[in-house]
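Below is one structure; the comments refer to it alone.
The values are calculated or read from the model by the stated rules, or taken from the named source; none is laboratory data. Bear in mind that the values here come from a model prediction, so they are computed numbers and not experimental data. Note that each Cβ is placed from the backbone with ideal geometry, even for glycine, and that neighbours are counted across all protein chains shown. Just the protein is used for accessible areas: all its heavy atoms, side chains included, with ligands, DNA and RNA removed. Shrake-Rupley method; radii C 1.70, N 1.55, O 1.52, S 1.80 Å.
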Amino acid sequence: MGLAKRIIPCLDVDNGRVVKGVKFVDIRDAGDPVEIARRYDTEGADELTFLDITASSDDRETMVHVVEQVASQVFIPLTVGGGIRTVADIRRMLNAGADKVAINTAAVFNPEFVGEAAARFGSQCIVVAIDAKRVSGEGEPPRWEIFTHGGRKPTGIDAVEWARRMVALGAGEILLTSMDRDGTRSGFDLALTRAVCEAVSVPVIASGGVGDLDHLAEGVLEGKADAVLAASIFHFAEHTIEEAKRRMAERGIEVRL
Amino acid sequence: MSSVAVIDYGMGNLRSVSKALEHMAPAGTRVVVTDSAIRILAADRVVFPGVGAARDCMHEIRARGLEDVIRQAARLKPFLGICMGMQVLLEHSEENGGTPCLGVLPGAVRYFGERLSDPRSGERLKIPHMGWNQVRQTRPHPLWSGIAQDTRFYFVHSYYVDPADAALSAASTDYGLRFTAAVARDNLFAVQFHPEKSQQAGLQLLANFLAWDGTD
């Protein structure tokens with residue numbers, strides 16, 4: 001027995017409300033992040049990730065209040081991503097009760113920001129989010145690049161090299177999303193996941209493409225991920241976190257039950 | 001009215017610690033987050049949390065003149081160290097090329113190492129040790145009340161404490177090697193994991209601390 005593989009539900013929050021529809025029979029307000037967070041906590045989520053997709057930076061303050069409310073009622077680790085661009089953004093989220101922040105685009109435009117953030121707050125709370133897309137053709141050795149702007153803009157940066165560099169700068173964890181698989185429900189990009197997991201010394205969270213419970217198990221067994229993140233399979237109450245953990249346990253994965 | 005001081009020395013997020021304490025505190029308990037020596041020494045109980053690097057922690061503690069205050073509190077009243085707040089209680093840490101610490105407890109803080117692997121599977125283990133791992137209670141203690149043997153708690157750390165006196169250990173956890181996950185001595189209890197982030201089990205431990213009179 002030892003360290004458990006983690007299951008992390010992800011909530012997209014727009015201006016203080018959870019979007020992409022969450023359907024639980026016994027939840028009164030399906031858009032309330034606090035109510036949903038409590039539900040996942042009760043089901044046994046190992047951590048929670050909130051992604052702030054609010055377009056206007058003026059409305060970011062709303063996210064701070066969401067984090068404050070969740071953190072005063074749910075006692076598991078909370079990660080907040082989306083719009084984290086400055087040391088002040090990080091401090092605000094940590095003071096509100098977040099345990100980690102996920103830095104995405106800001107790292108691409110200014111890699112030193114990751115180093116600065118890790119030096120200031122400690123690597124343990126700095127997650128670097130990597131959005132990667134396969135750029136190699138059929139039959140070529142696989143290669144993935146970093147994309148920004150929701151997967152629309154290529155950067156020419158190799159994803160595996162980038163992960164190594166982010167860890168060298170001080171990232172304590174990598175949140176790896178396959179932009180090819182995101183929203184497809186066809187499973188993680190296992191080759192990408194495995195390539196990054198084997199390249200870095202820090203934990204890696206696999207994300208993008210989960211459509212059923214076996215996908216979660218495959219992320220760990222074949223992708224070698226330390227944690228798996230999913231949104232829609234939990235939001236629509238197709239599966240509870242507990243079911244996901246039982247399936248993973250059946251497949252020989254150590255989980256917290 | 002009972003009071004709990006959470007020592008604030010500028011290292012990270014104390015809100016989750018204070019919120020979790022407030023969540024579990026009996027009515028009439030006051031939880032204060034403070035760097036004031038007077039308020040720390042006046043409190044009935046003291047919680048010493050902390051995240052980040054050992055050198056920064058020690059720097060901030062010294063900058064606030066809290067070294068002796070912490071040593072005194074750790075001798076006099078129910079005292080709970082959490083994570084970095086546990087590590088800096090020892091004499092020395094390997095972190096940041098070697099950092100002298102408070103020396104409340106004999107022993108050192110060691111790095112897991114670059115090449116940590118699972119002794120059974122041979123698989124490489126990631127650093128930091130991050131996530132939910134099992135805590136094996138190595139002795140009975142009031143703070144373990146209502147918490148089952150091998151319960152999982154949330155950890156995030158790259159260094160672990162290695163007390164010079166094995167009798168100090170109150171729990172162990174396996175991650176490539178067997179390390180000390182909790183220490184206990186008289187009125188002092190300290191844990192490597194984060195009870196404030198460990199859901200039911202963590203809240204139970206905090207409730208036990210809030211009810212503890214500081215004796216074994």
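Nearest 20 debye, what's the magnitude of the dipole of chain B about its Cα centre given +1 on Lys and Arg Cβ and -1 on Asp and Glu Cβ? Walk me through the intermediate numbers first.
Working: 22 positive and 22 negative charges, 57 e Å.
About 280 debye.
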GNM top mover of A:E243, A:E218, A:E47 - chain A, alpha-carbon springs below 10 Å: A:E243
Computed E for B:A27/A:Q73 - FRET, C-beta separation, R0 25 angstrom, nearest 0.05: 0.85
Between segment B:95-174 and segment B:67-85, the alpha-carbon center distance in angstrom: 19 Å
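For segment B:99-209, what does the alpha-carbon gyration tensor say about shape, rounded, prolate or oblate, given a ≥ b ≥ c as the root eigenvalues, a/c under 1.5 as rounded, and a/b over b/c as prolate? Don't skip to the end; give the middle numbers.
Details: a/c = 1.80, a/b = 1.22, b/c = 1.48.
Verdict is oblate for segment B:99-209.
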Where trypsin sites (Lys or Arg not before Pro) fall in DSSP loop in segment B:107-216, at most 11 other Cβ within 10 Å: B:R115, B:R120
Unit charges at the beta carbon, dipole of chain A: most positive-side option, A:I84, A:T184, A:G211: A:I84
Net dipole in debye of segment B:70-154 [+1 Lys, Arg Cβ; -1 Asp, Glu Cβ; about Cα centre; nearest 20]: 260 debye
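Express the Stokes-Einstein translational diffusion coefficient of segment A:1-143 in µm² s⁻¹, to the nearest whole number, given a Kirkwood radius over alpha-carbon pairs, 25 °C and a viscosity of 0.890 mPa s.
On the way: Rh = 16.3 Å.
Once the numbers are plugged in, D ends up at 150 µm²/s.
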By accessible area with a 1.4 Å probe, ligands and nucleic acids excluded, highest first: order of A:D212, B:D68: B:D68, A:D212
Segment B:53-107: relative contact order as a whole-number percent, Cα under 8 Å and 6+ apart: 38 percent
Solvent exposure of the protein assembly as shown as accessible area per residue, Å², 1.4 Å probe: 38 Å²
Kirkwood hydrodynamic radius of chain A, Cα pairs, Å: 18.2 Å
Compactness index (Cα Rg / 2.2 N^0.38 Å), segment A:107-212: 1.04
Built amide H within the under 5 Å cut-off of A:L11, gap 5+: A:T49, A:F50, A:L51
Gyration tensor (alpha-carbon) shape descriptor, segment B:1-152, a/c threshold 1.5: oblate
Listed residue (B:G28, B:S18, B:V69) projecting farthest to the positive dipole end of segment B:10-105, Cβ model: B:G28
Rg followed by Dmax, in Å, when the protein assembly as shown is reduced to its Cα trace: 21.5, 72
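For the protein assembly as shown, give me the percentage of DSSP beta bridges that are antiparallel, rounded to the nearest 5 percent. Don't skip to the end; give the middle numbers.
On the way: 36 of 83 bridges.
Antiparallel: roughly 45 percent of the beta bridges in the protein assembly as shown.
Can you tell me, using C-alpha contacts under 8 Å and at least 6 residues apart, the relative contact order of chain A as a whole percent? Working shown, then result.
Details: 542 pairs, mean separation 48.6, N = 257.
Relative CO of chain A lands at 19 percent.
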Under the Karplus curve 6.51 cos²θ - 1.76 cosθ + 1.60, θ = phi - 60°, whole-Hz ³J(HN,Hα) for segment B:116-133, x wherever Gly or Pro sits: 6, 9, 6, x, 7, 8, x, 5, 5, 9, 6, 10, x, 5, 10, x, 9, 10
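Considering only Cα-Cα distances, which of the following residue pairs are longer than 31 Å: A:K20/A:K133; A:K20/A:K245; A:K100/A:K245; B:K19/B:K77; A:K100/A:K153; A:K133/B:K197? Don't skip to the answer; put the middle values down first.
On the way: A:K20/A:K133 23 Å; A:K20/A:K245 23 Å; A:K100/A:K245 23 Å; B:K19/B:K77 21 Å; A:K100/A:K153 26 Å; A:K133/B:K197 34 Å.
Beyond 31 Å between Cα atoms: A:K133/B:K197.
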Amide proton proximity set for B:S93, modelled H, under 5 Å, gap of 5+: B:T99, B:C101, B:V109
Nonlocal amide H pairs with A:Q73, under 5 Å, H built at 1.01 Å: none
Cleavage-rule hits, trypsin sites (Lys or Arg not before Pro), segment A:97-170, DSSP coil, Cβ neighbours within 10 Å at most 11: A:R152
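Counting only DSSP beta bridges with both residues in chain A, tell me the antiparallel percent, nearest 5.
Working: 8 of 38 bridges.
Around 20 percent of the beta bridges assigned by DSSP in chain A are antiparallel ones.
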Estimated 222 nm signal from helices in the protein assembly as shown, with DSSP H stretches of n ≥ 4 weighted -39500 (n - 2.57), rounded to 500: -8500 deg cm²/dmol
Neighbouring partner chain Cβ atoms per residue of A:92-101, average, 10 Å criterion: 3
Most mobile of A:P141, A:P154, A:P33 in a GNM of chain A (Cα contacts under 10 Å): A:P141
Relative contact order (%) - criterion: Cα under 8 Å, at least six apart; region: chain B: 20 percent
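B:E123 to B:A63: FRET efficiency via 1/(1 + (r/R0)^6), r the Cβ-Cβ distance, R0 51 Å, to the nearest 0.05?
On the way: r = 42 Å, r/R0 = 0.82.
Taking R0 as 51 Å, the efficiency between B:E123 and B:A63 is 0.75.
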Calculated from backbone phi, Karplus (6.51, -1.76, 1.60) coupling profile of segment B:103-111 in Hz, x at Gly/Pro: x, 5, 10, x, x, 10, 10, 10, 7
Interface area, B with A, accessible, probe 1.4 Å, both sides summed, Å² nearest 100: 2800 Å²
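Mind checking the mean number of beta-carbon atoms from other chains within 10 Å of the Cβ atoms in A:69-75? Working shown, then result.
Values: counts 0, 0, 7, 7, 2, 4, 17.
Counting Cβ atoms of other protein chains within 10 Å of each residue's Cβ and averaging gives 5.
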Solvent-accessible surface ranking, highest first, for B:T215, A:T105 at 1.4 angstrom: B:T215, A:T105
Alpha-carbon centroids, segment A:28-105 and segment B:13-64: separation in whole Å: 23 Å
Whole-Hz couplings from phi, Karplus 6.51/-1.76/1.60, listed for segment A:164-179; x for Gly and Pro: 4, 5, 4, 5, 4, 7, x, 4, x, 6, 10, 9, 9, 10, 7, 6
Of all accessible heavy-atom area on the protein assembly as shown, the percent that carbon and sulfur account for (1.4 Å): 47 percent
Shielding by partners - mean other protein chain Cβ count within 10 Å, residues of A:125-137: 0
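Taking the highest mean first, how do the peptides A:232-240, A:184-192 order by number of other beta carbon atoms within 10 angstrom per residue?
A:184-192, A:232-240
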DSSP bridge orientation in segment A:1-117 - percent antiparallel, rounded to nearest 5: 15 percent
Low-density loop cleavage sites - GluC sites (Glu not before Pro) in segment A:120-195, where at most 11 other Cβ are within 10 Å (DSSP): A:E138
Among A:V74, A:V101, A:V204, residue whose mean-square fluctuation peaks in a GNM of chain A (springs only between Cα atoms under 10 Å): A:V74
